[in-house]
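The values are calculated or read from the model by the stated rules, or taken from the named source; none is laboratory data. Quick caveat: nothing in here was measured; it's all calculated off a predicted structure. Cβ: placed from backbone, ideal geometry, glycine included. Neighbour counts: every protein chain shown.
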Amino acid sequence: AQTVTQSQPEMSVQEAETVTLSCTYDTSESDYYLFWYKQPPSRQMILVIRQEAYKQQNATENRFSVNFQKAAKSFSLKISDSQLGDAAMYFCAYRRRGQGAQKLVFGQGTRLTINP
Amino acid sequence: DVKVTQSSRYLVKRTGEKVFLECVQDMDHENMFWYRQDPGLGLRLIYFSYDVKMKEKGDIPEGYSVSREKKERFSLILESASTNQTSMYLCASRTGNTEAFFGQGTRLTVV
């Protein structure tokens with residue numbers, strides 16, 4: 001069974017600084033997706049960034065980038081120039097690629113606080 | 001924009017009551033999911049459905065059932081609510097290899 005582990009329950013960073021959230025996963029599959037989701041106090045889960053396992057290039061979305069290490073099964077999220085609006089729970093998630101209702105497997109979450 | 005709507009944001013029910021949580025999506029997605037979110041545990045899959053009237057158990061189905069009579073609607077049923085089912089419940093839908101879209105969550109308290 002696939003598992004996702006986020007070992008940092010809480011992180012904090014000063015506004016405008018850079019922070020990195022860690023995620024490791026375990027799978028025997030070779031073709032899959034990895035995601036970072038953000039859940040602000042409104043509770044609406046928002047997709048931050050997505051990485052296809054077959055792509056070697058790390059995904060980036062504006063201030064958000066990932067460090068995807070497939071052999072090490074590591075998938076960290078870097079947030080540059082942190083803003084107050086980045087404060088939220090962040091979840092790392094895994095999904096096998098393929099037909100059918102492939103389920104998302106989530107980590108435990110990391111609560112990110114931005115200090116003004 | 002895809003919209004996934006859950007019928008209630010907050011719900012308080014008594015132990016032993018039958019509880020229905022409703023989820024509706026407006027993008028003709030074939031796959032729908034119910035997750036439970038608890039602090040320190042992340043999101044755990046309760047049930048999912050890949051077509052009308054089709055359902056499969058997730059990781060923690062005990063104490064829950066689901067219904068999918070129409071493609072756009074996926075209901076989670078607590079047959080006899082218990083206090084250990086106090087939690088946040090999140091519905092999601094997806095098609096193909098697209099991202100999953102989530103509802104705003106229902107915070108259920110069982111007293």
For segment A:86-115, pairs from a residue that is touching a residue at least 12 places away in the same chain (Cβ under 8 Å) to a residue that is of a type in the set (Ser, Thr, Tyr) and part of a loop (DSSP other than H, G, I, E, B), with Cβ under 7 Å and 6 or more apart or across chains, are A:Tyr94/A:Thr27; A:Ile114/A:Ser82
Worksheet item: Looking at B:Asp51, is it farther than 19 Å from A:Leu104 by Cα, acidic (Asp, Glu) and touching an Asp or Glu at 6+ places or on another chain (Cβ under 9 Å)?
Response: no
Of the listed residues (B:Gly63, B:Gly105), the one being at pLDDT 95 or above, small (Gly, Ala, Ser) and surrounded by 16 or more Cβ atoms within 10 Å (Cβ to Cβ) is B:Gly105
Checking A:Thr60, A:Thr24, A:Thr3 in turn, the sole residue that is within 14 Å of chain B (Cβ to nearest Cβ), over 11 Å from the mean Cα position of the chain (by Cα) and among the β-branched types (Val, Ile, Thr) turns out to be A:Thr3
Looking across segment A:46-57 at residues that are surrounded by fewer than 18 Cβ atoms within 10 Å (Cβ to Cβ) and aliphatic (A, V, I, L, M), the single one that is nearest to the other protein chains (Cβ to nearest Cβ) is A:Leu47
When A:Arg43 is run through (1) under 16 Å from the mean Cα position of the chain (by Cα); (2) under 18 Å from B:Pro39 (Cα atoms); (3) of a type outside the set (Gly, Ala, Ser); (4) crowded, with 17+ Cβ neighbours inside 10 Å, the failure sits at (1)
Within segment A:63-103, the residues that are more than 14 Å from every other protein chain (Cβ to nearest Cβ), among the small types (Gly, Ala, Ser) and under 30 Å from A:Asn115 (Cα atoms) are A:Ser65, A:Ser74, A:Ser76, A:Ser80, A:Ser82, A:Gly85, A:Ala87
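If you scan segment A:62-100, which residues turn out to be part of a loop (DSSP other than H, G, I, E, B) and crowded, with 20+ Cβ neighbours inside 10 Å?
Within segment A:62-100, A:Ser82 is the sole residue that qualifies.
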Those residues of segment B:94-111 that are on the phi < 0 side of the Ramachandran plot and not in a strand (DSSP E or B) come to a total of 8
Residue hits (segment B:72-96; at pLDDT 95 or above, within 14 Å of another protein chain (Cβ to nearest Cβ) and surrounded by fewer than 16 Cβ atoms within 10 Å (Cβ to Cβ)) are none
Listed by first then second residue, the pairs whose first member lies in segment B:27-55 and is more than 8 Å from every other protein chain (Cβ to nearest Cβ), whose partner is among the hydroxyl-bearing types (Ser, Thr, Tyr) and not in a strand (DSSP E or B), with beta carbons under 7 Å and at least 6 positions apart or on separate chains, are B:His29/B:Thr95
